[in-house]
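A short worksheet on the structure shown next.
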Amino acid sequence: MRPVETKSASDDRNPVMIGQPPRTRRQAVTKTMWIGLWLFYLAGPAGSLLNPGTSTAARLWGAGGLALFVLAYFYLVFRHMWRETTRHMRYGVLALMLALSVALTWTLGFEWLVLFIFVSVGSAVVLPAQQSRWTIPLITAVLLAVGARYPEVRDYYVFAYALPALGSGFMMIGVQYLIRTTQELRAAREEVARLAANDERLRLARDLHDLLGHSLSLITLKSELAGRMLPGSPEDAAQQVADIERVSRQALVDVREAVTGYRRPRLAVELAGARSALRTAGVELTVAPALESEHPALTADTEGALAWALREATTNVVRHSGAHRCEMQLTEEWESDDRHYLCLAVVDDGGGPPRGRHDGNGLTGLRERLALTDGRLETGPAPRGHGFALRAYVPMSTPAAATGAAVPMPDTSPEPAPGPV
C-alpha cells in the first residue's frame with residue numbers, strides 16, 4: 001500500500017508521522033526510534049543465546065541470523081516508506097524473513113517463534129490488503145507447524161504466539177487502511193482548497209471585468225464628450241468632469257466590495273447607471289414599467305444575477321453595438337415543464353453580433369453567474385433582424401400573484417413602448 005502524495009505539512013499531533021515519510025533528519029530519527037521500540041520483543045530470542053548451555057556455534061548462528069532478520073525487516077519497512085518497491089523485492093524479503101524464522105526456531109528453540117509476528121506485521125505493511133489477508137493466516141499456520149516441534153509449549157503457545165501473529169497482522173491491515181484514508185482526506189482537503197481558490201479567482205475576475213468594463217466605458221465616453229465641449233461650453237464640460245469623478249469614486253468602491261466579496265448589485269441601481277451611460281453615449285433608451293417596479297419573488301442571488309446581466313448588456317450596447325435605440329423589458333414566463341422564470345431582455349438596433357464570433361469574457365462570465373442561480377443566458381440577433389438581443393432568465397422563488405397573461409417578450413410585443421428616457 002503506497003501513501004498518497006500530498007503537499008501539506010505533517011500534522012504536529014502525529015509526532016511519529018504514522019503513514020508519512022520523514023522530511024527532516026529529526027523526523028527520521030524519531031520514526032526510527034518508534035519502530036525500534038518494537039524490537040524489544042526480540043529480547044527473548046536474544047536472551048536465549050546467553051543461556052549457559054548454548055554452544056558457541058549456536059550463538060554465532062543465532063546472532064548472525066537475528067541480525068540479518070532485523071536488517072531485512074528495517075530494509076523492508078523503510079524502503080516501502082520512502083519509495084516504491086517492486087513486487088519481487090517485497091516477496092523476496094518477506095520470504096527471507098520467513099525462512100529465517102523457520103530455521104532459527106527449528107534449530108534454537110521455541111523462543112524464536114516471536115519472529116513470525118514480525119513477518120506477519122511486515123506483510124501487512126508492504127502488501128495490498130487483498131494479498132496480506134491471505135499471507136497472514138499462512139504465516140500463522142507455518143508458526144503452528146514449527147511450534148508443534150516443542151512439546152513443552154504445545155498447550156499454550158497457540159495463545160502466546162499464534163494469536164499475536166494473527167491479531168497483529170490484521171490490526172496492521174486496519175492501521176494501513178486508516179493511514180490511507182487519512183492521506184486521501186488530506187489530499188481531498190488540498191484539492192477543495194485549490195478549487196475554492198480557483199472559484200474565488202474566477203469570481204474576482206468576473207466582478208472586475210463587469211465593474212471596470214462598465215465604469216471605464218462610461219469614463220471614456222464622458223471624457224470624449226467633455227473634450228468636445230471645450231472651450232465652447234466650459235460649464236457643461238465641468239459637469240462631465242464631475243460625473244467622471246463620481247463614476248471613478250463609485251468604481252473604486254465597487255472594486256473594493258468585489259475584492260471582499262460583499263457586493264450585491266441591485267436592479268434599480270444598475271438601471272440608473274444604464275440610463276446615465278446610454279444618455280451619455282447618445283442612445284435612446286426605452287424601459288418597460290415592469291423593470292422599474294419591485295419584484296418580491298426575486299431572491300438576493302437572482303436579483304444580483306439580473307443586475308449583472310443589465311450591466312453587461314449596457315456595456316455591450318455602449319462599447320460594441322453602435323446603436324441609436326435600446327429597449328429593456330422584464331417579463332414573467334412559464335416553460336413547458338411548468339418552471340416559472342423572470343426574463344430580462346435588452347434589445348438594440350445596432351450592428352448585431354458578428355458572424356462566427358464567440359462570446360467574450362463578459363458574456364461567458366454572465367452565463368456562469370446565471371448558471372449558479374439555475375438560470376440561463378440567450379443571445380442572438382434582434383427579432384426585427386437588425387441589432388442584438390440579450391435575454392437573461394432566472395427562476396422565480398414563488399409563483400406570481402397575478403393570474404393574468406405574462407407580458408410578451410420584445411420580439412413578439414405589438415404594444416407601444418413607453419416614451420424615451
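Could you tell me whether ALA258 is open to solvent by less than 60 Å² (accessible area, probe 1.4 Å), assigned to a helix (DSSP H, G or I) and either among the aromatic types (Phe, Trp, Tyr) or modelled with pLDDT under 85 (or both)? Working first, answer last.
Working: open to solvent by less than 60 Å² (accessible area, probe 1.4 Å): yes; assigned to a helix (DSSP H, G or I): yes; either among the aromatic types (Phe, Trp, Tyr) or modelled with pLDDT under 85 (or both): yes.
Spelling it out, ALA258 is indeed open to solvent by less than 60 Å² (accessible area, probe 1.4 Å), assigned to a helix (DSSP H, G or I) and either among the aromatic types (Phe, Trp, Tyr) or modelled with pLDDT under 85 (or both).
Of all the numbered requirements in (1) part of a helix (DSSP H, G or I); (2) open to solvent by 50 Å² or more (accessible area, probe 1.4 Å), LEU221 misses one, and that requirement is (2).
Scan region 184-229 residue by residue and report those that are in contact (Cβ under 8 Å) with a residue 24 or more places away in the chain and among the aliphatic types (A, V, I, L, M). Across region 184-229, the qualifying residues are ALA187, LEU202, LEU204, ALA205, LEU208, LEU211, LEU212, LEU216, LEU218, ILE219, LEU221, LEU225. For region 107-121, does any single residue satisfy the condition of being surrounded by 19 or more Cβ atoms within 10 Å (Cβ to Cβ), touching a residue at least 60 places away in the same chain (Cβ under 8 Å), farther than 19 Å from LEU42 by Cα and not aliphatic (A, V, I, L, M)? So far as region 107-121 goes, no, none of its residues is surrounded by 19 or more Cβ atoms within 10 Å (Cβ to Cβ), touching a residue at least 60 places away in the same chain (Cβ under 8 Å), farther than 19 Å from LEU42 by Cα and not aliphatic (A, V, I, L, M). Among the residues examined, HIS386 qualifies as in contact (Cβ under 8 Å) with a residue 12 or more places away in the chain and assigned to a loop (DSSP other than H, G, I, E, B).
Just checking, does region 46-53 include any residue being modelled with pLDDT of 70 or more, touching a Lys or Arg at 6+ places or on another chain (Cβ under 6 Å), aliphatic (A, V, I, L, M) and part of a loop (DSSP other than H, G, I, E, B)? Yes, some residue in region 46-53 is modelled with pLDDT of 70 or more, touching a Lys or Arg at 6+ places or on another chain (Cβ under 6 Å), aliphatic (A, V, I, L, M) and part of a loop (DSSP other than H, G, I, E, B). Only one of the listed residues (VAL318, VAL241) is assigned to a helix (DSSP H, G or I), open to solvent by less than 60 Å² (accessible area, probe 1.4 Å) and either without any contact (Cβ under 8 Å) to a residue 60 or more places away in the chain or of a type in the set (A, V, I, L, M, F, W, C) (or both). That residue is VAL318. Limited to region 48-74, what total is found for residues that are within 21 Å of VAL121 (Cβ to Cβ) and open to solvent by less than 90 Å² (accessible area, probe 1.4 Å)? Within region 48-74, residues that are within 21 Å of VAL121 (Cβ to Cβ) and open to solvent by less than 90 Å² (accessible area, probe 1.4 Å) number 9.
In this structure, is ASP236 surrounded by 13 or more Cβ atoms within 10 Å (Cβ to Cβ), in a helix (DSSP H, G or I) and either of a type outside the set (Asp, Glu) or without any contact (Cβ under 8 Å) to a residue 24 or more places away in the chain (or both)? When the stated conditions are applied, ASP236 passes them.
Which is open to solvent by less than 30 Å² (accessible area, probe 1.4 Å) and assigned to a helix (DSSP H, G or I), of ALA193, ALA165, ALA205?
After applying the criteria, what remains is ALA165.
When GLY227, GLY213 are screened for being exposed (fewer than 12 other Cβ atoms within 10 Å of the Cβ) and at negative phi, only GLY227 passes.
Would you say PHE159 is exposed (fewer than 13 other Cβ atoms within 10 Å of the Cβ) and farther than 30 Å from ARG256 by Cβ?
Yes, satisfied.
The values are calculated or read from the model by the stated rules, or taken from the named source; none is laboratory data. All values derive from a computational prediction rather than experimental measurement. All Cβ positions, glycine included, derive from the backbone under ideal geometry; neighbour counts span all protein chains shown. For accessibility, only protein heavy atoms count, side chains too; no ligands or nucleic acids. Shrake-Rupley method; radii C 1.70, N 1.55, O 1.52, S 1.80 Å.
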